[in-house]
Amino acid sequence: MAFVDDITVHIEAGRGGSGVVRWRREKFIEKGGPAGGNGGKGADVYVRAVRDIGILASYRHLTSFSAPVGGDGGRRGMTGANGKDLIIDFPIGSIITNLTTGQVIRFTTEGETVKILCGGDGGFGNEHFKSSTNRRPTKATPGWPAEEANFHITLELIADAGLIGLPNAGKSSLLNALTNAGAKVGNYAFTTLEPNLGDLYGYILTDIPGLIEGASDGKGLGHKFLKHIRQTKMLLHLISLENPDVAKVYKVIRKELKQFDPELVNKPEVVILTKTDTVSREVLDEALSKMKKLCPTVLTVSVYDLDGLKALSKKIISLLKESKKQ
């Protein structure tokens with residue numbers, strides 16, 4: 001199923017049920033009087049945060065949601081049934097905007113539940129209008145209309161660390177090696193067309209599809225997914241040693257982050273030089289020397305080096321723990 005992170009839908013709460021005109025018909029009671037019940041209240045609409053980034057994809061062919069209406073009143077003064085409240089699930093990280101009122105809801109915690117629309121009240125049956133001067137009212141009112149609005153929902157993934165870098169930097173390969181995420185891997189640019197998530201001993205990692213120079217201006221795929229970097233606590237910046245100038249690659253990505261959102265370059269960052277098995281020791285040492293002048297924390301990794309992967313996992317977890325204390 002394709003990854004979806006941006007939808008617009010129309011949502012309507014439930015209309016109130018109508019009141020009714022009814023009369024008492026009981027043995028030995030010649031003139032029973034009014035007995036029409038009130039209508040039930042229409043359903044309210046709630047949104048709820050869930051840990052499922054794929055749920056928006058299940059809504060991609062929907063244009064609207066409608067909550068149940070209230071039941072009409074009944075005989076003997078019985079009130080109609082209230083409509084069952086509608087709860088719509090959205091992923092953690094969703095930003096839900098009411099396009100009518102401008103209200104914005106940001107989901108950051110699983111289970112958060114917020115009422116967004118109120119159902120209509122039920123109408124009155126003729127029993128409601130009975131009085132000392134009006135013994136046989138024939139009046140009943142319809143249920144009240146419900147609130148409705150168009151909502152725009154956009155998703156910003158919430159993860160502890162985001163893997164960023166140029167296409168083919170090894171992000172998906174490293175994510176798979178660290179977390180068994182099962183992300184698709186191929187030896188060509190733009191293998192990853194949507195973010196993947198993995199669990200590293202309770203910490204969530206996500207690979208952000210390949211950024212390129214000009215991504216902040218809409219080039220390539222990166223511009224669509226740059227927003228997901230905002231919610232990460234730390235950046236793991238992967239640079240393949242297949243690039244002859246690692247410092248230039250680093251500066252290109254940093255420039256795109258800053259142009260998209262200046263705050264992104266202030267996040268804790270670790271540079272990881274990947275594909276160390278493809279270069280000589282001299283080339284690796286030169287790349288390390290260059291990068292340590294630009295970033296205080298520079299690590300190296302090959303996905304074929306199990307001991308190196310274990311050491312990298314421990315280092316990432318240690319840095320994430322430190323970032324949570326700050």
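Under the rule of -39500 (n - 2.57) per DSSP H run of 4 or more residues, summed and divided by the residues of the chain, what mean residue ellipticity at 222 nm is obtained, to the nearest 500 deg cm²/dmol?
Mean residue ellipticity, 222 nm, calculated: -6000 deg cm²/dmol.
If you line up the Cα atoms of the range 79-124 on their principal axes, what length do they span on each, largest first, in Å?
Principal axes ranked by extent give 42, 24, 10 Å for the Cα atoms.
Which percent of the accessible heavy-atom area of the chain goes to carbon and sulfur, probe 1.4 angstrom?
50 percent
Provide Rg and Dmax in Å for the range 17-118, with only Cα atoms included in the calculation.
Computed over the Cα atoms of the range 17-118, radius of gyration and Dmax are 20.5, 66 Å.
How far is helix 246-260 tilted, in degrees, relative to the longest principal axis of the Cα atoms in the chain, given as a value from 0 to 90 rounded to the nearest 10?
20 degrees
Between SER318 and LYS290, what is 0.36 nm times their sequence separation minus the Cα-Cα distance? Round to one decimal in nm.
7.6 nm
Any idea what angle helix 306-325 forms with the longest principal axis of the chain, computed on alpha-carbon atoms, 0 to 90 degrees, nearest 10?
50 degrees
Going highest first, how would you order 65-72, 292-299, 272-279, 48-55 by mean Cβ packing within 10 Å?
For the peptides 65-72, 292-299, 272-279, 48-55, the packing ranking is 65-72, 272-279, 48-55, 292-299.
5 Å is the cut-off here: which amide hydrogens, built 1.01 Å from N in the peptide plane, fall below it relative to GLY36, excluding neighbours closer than 5 in sequence?
ARG22, GLY77, ASN126, GLU127
With 27 Å as the limit, write out which pairs from LYS171/LYS293; LYS115/LYS267; LYS255/LYS292; LYS171/LYS267; LYS233/LYS290; LYS233/LYS292 have Cα-Cα distances beyond it, or answer none.
LYS115/LYS267
Using only Cα atoms and rounding to the nearest 10 degrees, what angle (0 to 90) does helix 281-292 make with the longest principal axis of the chain?
On a 0 to 90 degree scale, this one is about 50.
With just the Cα atoms of the range 78-173, tell me how far they stretch along each of the three principal axes, in Å, largest first.
Here the spans come out as 84, 24, 16 Å, largest first.
For the ranges 93-99, 57-63, 203-209, what's the packing order if you count other beta-carbon atoms within 10 Å of each residue, average per peptide, and put the highest first?
203-209, 93-99, 57-63
Could you sort GLU282, GLU148 by accessible area so the largest value comes first, with the probe set to 1.4 Å?
Largest accessible area first, the residues go GLU282, GLU148.
Out of residues 5 or more away from LEU163 or on other chains, whose amide H comes under 5 Å of its own, with H placed 1.01 Å from N in the peptide plane?
THR206, ASP207, ILE208, LEU236
The values are calculated or read from the model by the stated rules, or taken from the named source; none is laboratory data. This is a predicted model, so every value here is computed, not measured. Note that each Cβ is placed from the backbone with ideal geometry, even for glycine, and that neighbours are counted across all protein chains shown. Ligands, DNA and RNA are excluded from the accessible area calculation, which covers all protein heavy atoms including side chains. Shrake-Rupley method; radii C 1.70, N 1.55, O 1.52, S 1.80 Å.
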